[in-house]
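Data block below; observations after.
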Amino acid sequence: MKKIPTVGLIMFLLFTLTGCEEQREIKYDRDFFAMDTYITCQVLSADEELAEQALDAVETAFMQIDRITNRFEQNAEISAVNQNAGVAPVKVSEDFFAMVVAALEWSDKTGGAFNILIGGVMDLWGFGSENPAVPDEQAIKTALTKTDCHKIILDAKQSTIYLPEKGMVMDLGGVAKGYATDKAVAALKKLGIKNALINAGGNVYALGSRADGTPWKVGVQDPRNPQGITALLQGRDTSLISSGDYQRYFEKNGIRYHHILDPANGYPARLSSGTTVISPSSTIADILSTALFVKGPQAGIALAESFAEVNAVMIIDEEGRIFATGDLNKYMAEQQPSP
Ligand code: AMP
Ligand code: MG
């Protein structure tokens, strides 16, 4: 008489045949501090060693880009470029050169709303320092004379960058996190990671999906309520990057002075309180979240509709009203807390 296989044996055969056991992914996460920002990363993997390698790669990408773009760090490439303004061209790394090229391209595409020579004006305001203050109007006017990006001299063959006038100060704070995110995502893909979430202070990339197969969800902070969200978005294989006047600011006489400056006048841009840009490229989304903030809801949305690289944009105006490109609804999630 034949013996009936036990339930255990059946299970064993099922797992072996379908490979189910192998595919069970676990979430591994890591938090670290870079670029003046608290960064969190979650990676799904069936292999703990690979997951740790992936988290290392993400951290390395942010640390590396931080090291070259931190202009308060003496040895950073950006410091060499700034110290040599009006003196000599400076040889820079491939990453640094690529970041500047992207920044200049999108500066033109946004009519100068994005301006990496805003550094001198930023310094006058002192955001992030112990005592930020409203600068003297004349000082702002003088600093603005050193912000013409078209004067920057790039030599792709030599990989050099030259700021031709003394007093020009480059600031890559509006693009570095996005660029680092793209590098981190490329590293994850190279390692074979299919599902991960990177969040660098509202600078998010959603790779693949969550463990249950549903898309990653991203809350967009309500600019006037640190505990609330204005929208819950979701996406796969895309970046969702937010900028806002709530990220770095000080208040004086009831007026909020924040870190996104309008290059046209050197004062904090006033038409928006928050922007979110959804694009496969984090570099572009980071640049545009800053540039469209400056443009404001009307001009910003119209401009965003013309960019093929952008999937959707949301701009919150000073009064909390929401403006969006037609495709934003494709990224709206149910407003309930994600598990
Ligand atoms: P984000 O948080 O990405 O919006 O970038 C803001 C940072 O970008 C600031 O802290 C400055 O370092 C820099 N920044 C401010 N205003 C501008 C601007 N209009 N164009 C380019 N960079 C800017
Ligand atoms: Mg930005």
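Structure notes:
- Residue within segment 144-152 that is of a type in the set (D, E, K, R), in contact (Cβ under 8 Å) with a residue 12 or more places away in the chain, within 16 Å of ligand 2 (Cβ to nearest atom) and surrounded by 13 or more Cβ atoms within 10 Å (Cβ to Cβ) present: no
- Boolean, residue 177 is closer than 30 Å to residue 268 by Cβ, within 23 Å of the chain's Cα centre (by Cα) and either surrounded by fewer than 20 Cβ atoms within 10 Å (Cβ to Cβ) or among the basic types (Lys, Arg) (or both): yes
- For residue 250, the conditions (1) closer than 23 Å to residue 288 by Cα; (2) within 15 Å of ligand 1 (Cβ to nearest atom) are fulfilled apart from (1).
- Residue that is nearest to residue 173 (Cα to Cα) [pool: residues in segment 280-302 that are more than 12 Å from ligand 2 (Cβ to nearest atom) and among the small types (Gly, Ala, Ser)]: 281
- Among the residues of segment 89-102, none qualifies, meaning not one is in contact with a helix residue (DSSP H, G or I) (Cβ under 8 Å, 6 or more places away or on another chain) and of a type in the set (Lys, Arg).
- Test result for residue 275, within 17 Å of residue 108 (Cα to Cα) and modelled with pLDDT of 95 or more: no
- Residues in segment 184-216 that are within 30 Å of residue 272 (Cα to Cα) and surrounded by fewer than 21 Cβ atoms within 10 Å (Cβ to Cβ): 199, 201, 215.
- Residue ID - nearest to ligand 2 (Cβ to nearest atom), chosen from residues in segment 249-274 that are touching a residue at least 24 places away in the same chain (Cβ under 8 Å) and of a type in the set (D, E, K, R): 262
- Of all residues in segment 164-200, those satisfying the criterion of being more than 30 Å from residue 47 (Cα to Cα), within 15 Å of ligand 1 (Cβ to nearest atom) and not β-branched (Val, Ile, Thr) are 168, 170, 171, 172, 173, 174, 176.
- Looking only at residues in segment 285-300 that are surrounded by 24 or more Cβ atoms within 10 Å (Cβ to Cβ) and of a type in the set (A, V, I, L, M), the one that is farthest from residue 119 (Cα to Cα) is 285.
- Within segment 304-327, restricting attention to residues that are in a helix (DSSP H, G or I) and surrounded by fewer than 20 Cβ atoms within 10 Å (Cβ to Cβ), the residue that is farthest from ligand 2 (Cβ to nearest atom) is 326.
- Counting the residues of segment 159-214 that are in a loop (DSSP other than H, G, I, E, B), away from ligand 2 (no atom under 16 Å from the Cβ) and more than 23 Å from residue 124 (Cβ to Cβ) gives 11.
- Failed condition for residue 172, given (1) on the phi > 0 side of the Ramachandran plot; (2) out of contact with any strand residue (DSSP E or B) (no Cβ under 8 Å at 6 or more places or on another chain); (3) surrounded by 20 or more Cβ atoms within 10 Å (Cβ to Cβ): (1)
- Checked against the criterion of being over 17 Å from residue 221 (Cα atoms), assigned to a strand (DSSP E or B) and out of contact with any Leu (no Cβ under 9 Å at 6 or more places or on another chain), segment 242-251 contains one or more residues that satisfy it.
- Out of 212, 136, 222, sole residue that is of a type outside the set (Val, Ile, Thr) and under 19 Å from residue 290 (Cα atoms): 222
- Checked against the criterion of being within 16 Å of ligand 2 (Cβ to nearest atom) and part of a loop (DSSP other than H, G, I, E, B), segment 126-139 has at least one qualifying residue.
- In segment 88-101, residue farthest from ligand 1 (Cβ to nearest atom) [restricted to those that are surrounded by fewer than 21 Cβ atoms within 10 Å (Cβ to Cβ) and not charged (D, E, K, R)]: 88
- Number of residues in segment 239-257 that are under 19 Å from the mean Cα position of the chain (by Cα) and either surrounded by 24 or more Cβ atoms within 10 Å (Cβ to Cβ) or among the aromatic types (Phe, Trp, Tyr) (or both) equals 8.
The values are calculated or read from the model by the stated rules, or taken from the named source; none is laboratory data. Since the structure is predicted, the reported quantities are computational estimates derived from the model, not experimental observations. Here Cβ is always computed from backbone atoms with ideal geometry, including for glycine, and neighbour counts include all displayed protein chains.
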